[in-house]
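The values are calculated or read from the model by the stated rules, or taken from the named source; none is laboratory data. These numbers were taken from a predicted model, which means no experiment stands behind them. Using ideal geometry, Cβ is built from the backbone for each residue, glycine included, and neighbour counts are taken over all protein chains shown. Ligands, DNA and RNA are stripped out before the accessible areas are found, and what is left, the full protein with its side chains, is counted by its heavy atoms. Shrake-Rupley method; radii C 1.70, N 1.55, O 1.52, S 1.80 Å.
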There are 2 protein chains.
Amino acid sequence: MDARVEEHAEVLVDWSARIEDGDDVVLSVGPDAHELAVAVAEKVGERGANLVTTYSSDEVSRAYKLAHDGDFDEAPAHELALVENADVYLSVGGGRNTSEGSDVPADVREAYGKSREQLREARMDIDWVSTVHPTRSLAQQANMSFEEYRDFAYDAVLRDWETLADQMANMKDVLDDGSEVRLVKEDTDLTMSIEGRTAVNSAASVAYDSHNLPSGEVFTAPEATEGEVLFDVPMTLRGERVQDVHLTFEDGEVVDYSAAQNESVVGEILETDAGARRLGELGIGMNRGIDQFTDSILFDEKMGDTVHLALGRAYGSNFPEGSEDEANDSAVHVDMITDMSEDSFMEVDGEVVQRNGTFRWEDGFSE
Amino acid sequence: MDARVEEHAEVLVDWSARIEDGDDVVLSVGPDAHELAVAVAEKVGERGANLVTTYSSDEVSRAYKLAHDGDFDEAPAHELALVENADVYLSVGGGRNTSEGSDVPADVREAYGKSREQLREARMDIDWVSTVHPTRSLAQQANMSFEEYRDFAYDAVLRDWETLADQMANMKDVLDDGSEVRLVKEDTDLTMSIEGRTAVNSAASVAYDSHNLPSGEVFTAPEATEGEVLFDVPMTLRGERVQDVHLTFEDGEVVDYSAAQNESVVGEILETDAGARRLGELGIGMNRGIDQFTDSILFDEKMGDTVHLALGRAYGSNFPEGSEDEANDSAVHVDMITDMSEDSFMEVDGEVVQRNGTFRWEDGFSE
């Protein structure tokens, strides 16, 4: 076994999920993530925790949904009981075809998703962490060879997380103390209020209220957005390739939009509900182990030198206890990414915090 | 997809498990049983039932057990809750190496098994069915090519179960009405009392209190066994190849034993506890779709022209409600098979019921 598989398992079990003796652990395994599942099982056993392994196959799920009449039962009792009685939920993704669900009609997918809302909430109530095992199918999606993709994925996952968490704490401090963020680059001059919000130092550990491995971003919940922004990092939204989305905001709401490819997908997202036209997240990528885009939001949005904004639902973790502000609510949360590596800067309360990808506390920063 | 995979799924879901709208179903999937799992998911979706898929990998399980300190928690709450809240438990086996657990020390395996007793009981309390997807690893164990093995497995599984159940009802009637069974062949003359017992017509359906697919046997719980018996069908017991086990019974207990190969394994089994020296089951194989031995008890013991006896634990289903007899109790239940196709007969209360493999109600039977 590649030693990095073992290291990945160790980061997941110890740093991310903090699994302890006696914990009841659910491990959800993708069909091609077997190798990582074996390594995780070993670590879970070493810690003296209890393991239930579930099988997360898009082919199984597609067959089930297509055959069903579409009137799905809400939160089946056996699945809900499994999650509600667990302490930890680990998702180790990795299938054989990232397009496997493509011929499941959108209304069936939505009905299925809606029937599982209570299950999702139950999962969020326990210590959950999502990661992926590098598979051939993910390499293909990234337009990379399998070997190259594995190197890429492990560079992103096998960080010195403690040190990265310390660096990210600088960014969290700036955002927690600040009231207004401004992003400036080509076709972009956007201001957002972050007054009264708490930034999350997303250091890939439940101890940091961070649930992705890899992570490496600091995020908060903006409002009162004004101006324009260009998302120049290509992405796949609802199965379609979308390029150069440009949004114009007034009074916190999108009032104009365009895209160089599949513009209609952006329109559909904005039409979902009122919350879909407002921002739910401002995230600052700080994982320098991620050095290229791979058409996977798990990795792309964490990349150093990028900033992402999400239309739709905000995270409760950005609202301090006792806050009277309401988190933006929506059925969607759609992340879009802009490259901040060149000819760009980010200001907080008029002071430049990042210029051309370099943060104020890093070598080579120039005001 | 091989059409037989779909048929296998349909038999499992409809004939065996009788899955209905709204049922909460757990589907346990082996790493190489993916194809059958997809077909089963489709049928479960068609019926409008709810699906949780678990992953049953011997590699995952081995890694977990070897890493654990061996002091396993009893029936973890999350796993118990999953099973207790389910209506149906389907196990679709099929791994990549039937010897994967071979280097897990026996005491660890036993401790793990013991910690899961309550889970096993909870599973037995709901509608459970075990089957296997024909895999390359099972073909290898059977000493067959993959194609040949698949033909073999589907011949066994895809029976006209309704007709077979009717045929087996004849055997059940004979056993229910009878008091004493006698088996006679080379090195074999054994009598057993079956007075006051109810035979189970094991027709591969929960509706018949039968939980294996394939099945095709009628079984009861004997006692007061006297005489000798030769098990001339080779088998693997505790990972060891065992040949020609010969047992001598007095007053219902084994008083002498021998084997042509790995005799010590038989000795170990007999030493487990007092119940391990008595019979827990007399089973009569009636599945004529199974025409050769494949070193898998799921198939071998159902083969037409064979009879099997199990040392150890008896099934409660053989004891009619209100019976004051106690089922033989033991930590083990070890099936051993004898070939009844030639120079042999079985009598019930002095009347020949089967001679040289042919039953009384079949063409070609001679008293």
>> Can you say whether A:Gly350 is open to solvent by 50 Å² or more (accessible area, probe 1.4 Å) and in the same structural domain as A:Ala276 (by TED's automatic domain parsing), as far as the supplied structure shows?
In response: yes
>> I want to confirm something. Restricting to region B:329-360 and keeping residues that are charged (D, E, K, R) and assigned to a loop (DSSP other than H, G, I, E, B), which single residue is farthest from B:Met303 (Cα to Cα)?
In response: B:Asp329
> Tell me, which strands (runs of 3 or more DSSP E) wholly within region A:188-272 include 1 or more residues that are in contact with a Ser or Thr (Cβ under 7 Å, 6 or more places away or on another chain) and on the phi > 0 side of the Ramachandran plot?
Replying inline: A:223-231
> Looking at region B:235-245, is at least one residue under 17 Å from the mean Cα position of the chain (by Cα) and closer than 25 Å to B:Leu36 by Cβ?
Replying inline: yes
> Scanning for something touching a Gly at 6+ places or on another chain (Cβ under 9 Å) and farther than 26 Å from A:Ile126 by Cα, does region A:227-241 turn up at least one residue?
Replying inline: yes
> (1) within 18 Å of the chain's Cα centre (by Cα); (2) open to solvent by 30 Å² or more (accessible area, probe 1.4 Å); (3) more than 28 Å from B:Arg123 (Cβ to Cβ): which one isn't true of B:Asp209, the others all being true?
Replying inline: (3)
> Would a scan of region B:89-102 turn up a residue that is open to solvent by 30 Å² or more (accessible area, probe 1.4 Å) and at the interface with another protein chain (Cβ under 7 Å from one of its Cβ atoms)?
Replying inline: no
>> Quick check on region B:114-123. Is at least one of its residues open to solvent by 10 Å² or more (accessible area, probe 1.4 Å), in contact with a Gly (Cβ under 7 Å, 6 or more places away or on another chain) and assigned by TED's automatic domain parsing to the domain that holds B:Ala9?
In response: no
>> Filter region B:312-326 down to the residues that are in contact (Cβ under 8 Å) with a residue 60 or more places away in the chain and in contact with a Leu (Cβ under 9 Å, 6 or more places away or on another chain) and list them by number.
In response: B:Ala314
>> The conditions are (1) basic (Lys, Arg); (2) out of contact with any helix residue (DSSP H, G or I) (no Cβ under 7 Å at 6 or more places or on another chain); (3) in the same structural domain as B:Glu74 (by TED's automatic domain parsing), and B:Arg136 fails exactly one of them. Which is it?
In response: (2)
> Are any residues in region A:52-72 open to solvent by 30 Å² or more (accessible area, probe 1.4 Å), in a loop (DSSP other than H, G, I, E, B) and facing another protein chain (nearest Cβ under 7 Å), and if so, which ones?
Replying inline: A:Asp69
> more than 10 Å from chain B (Cβ to nearest Cβ), assigned to a helix (DSSP H, G or I) and farther than 27 Å from A:Pro134 by Cβ: does that describe A:Glu79?
Replying inline: no
>> Just to check your reading of the model, which residue among B:Asp305, B:Asp329, B:Asp363, B:Asp343 is touching a residue at least 60 places away in the same chain (Cβ under 8 Å) and either closer than 30 Å to B:Asp155 by Cα or open to solvent by 10 Å² or more (accessible area, probe 1.4 Å) (or both)?
In response: B:Asp343
> Considering only region A:103-112, how many residues are out of contact with any helix residue (DSSP H, G or I) (no Cβ under 9 Å at 6 or more places or on another chain) and either open to solvent by 70 Å² or more (accessible area, probe 1.4 Å) or within 11 Å of chain B (Cβ to nearest Cβ) (or both)?
Replying inline: 2
> How do the pairs read when you match residues in region B:259-273 that are outside the structural domain of B:Arg241 (by TED's automatic domain parsing) with residues anywhere that are open to solvent by less than 20 Å² (accessible area, probe 1.4 Å) and assigned to a loop (DSSP other than H, G, I, E, B), using Cβ under 6 Å and keeping only pairs 6 or more apart or on different chains?
Replying inline: none
> Taking region A:247-278, which residues are exposed (fewer than 15 other Cβ atoms within 10 Å of the Cβ) and within 16 Å of A:Ile337 (Cα to Cα)?
Replying inline: A:Ser258, A:Ala260, A:Gln261
> For B:Glu253, all conditions in the list (1) at pLDDT 95 or above; (2) touching a strand residue (DSSP E or B) at 6+ places or on another chain (Cβ under 6 Å) hold save one; what is the number of the exception?
Replying inline: (2)
> Got a sec? Which of B:Asp244, B:Asp232, B:Asp187 is within 17 Å of B:Lys302 (Cα to Cα) and open to solvent by 40 Å² or more (accessible area, probe 1.4 Å)?
Replying inline: B:Asp232
>> Scan region B:283-293 and tell me whether some residue there is in a helix (DSSP H, G or I) and within 22 Å of B:Asp209 (Cβ to Cβ).
In response: no
> Within region B:25-42, which residues are more than 7 Å from every other protein chain (Cβ to nearest Cβ) and free of Cβ contacts under 8 Å to residues at least 60 places away in the same chain?
Replying inline: B:Ala39, B:Val40
>> Any residue that is without any contact (Cβ under 8 Å) to a residue 60 or more places away in the chain and among the aromatic types (Phe, Trp, Tyr) - is there at least one of those in region A:274-296?
In response: no
> Hey, among B:Tyr55, B:Tyr64, which residue is modelled with pLDDT of 95 or more, out of contact with any Gly (no Cβ under 6 Å at 6 or more places or on another chain) and assigned by TED's automatic domain parsing to the domain that holds B:Asp103?
Replying inline: B:Tyr55
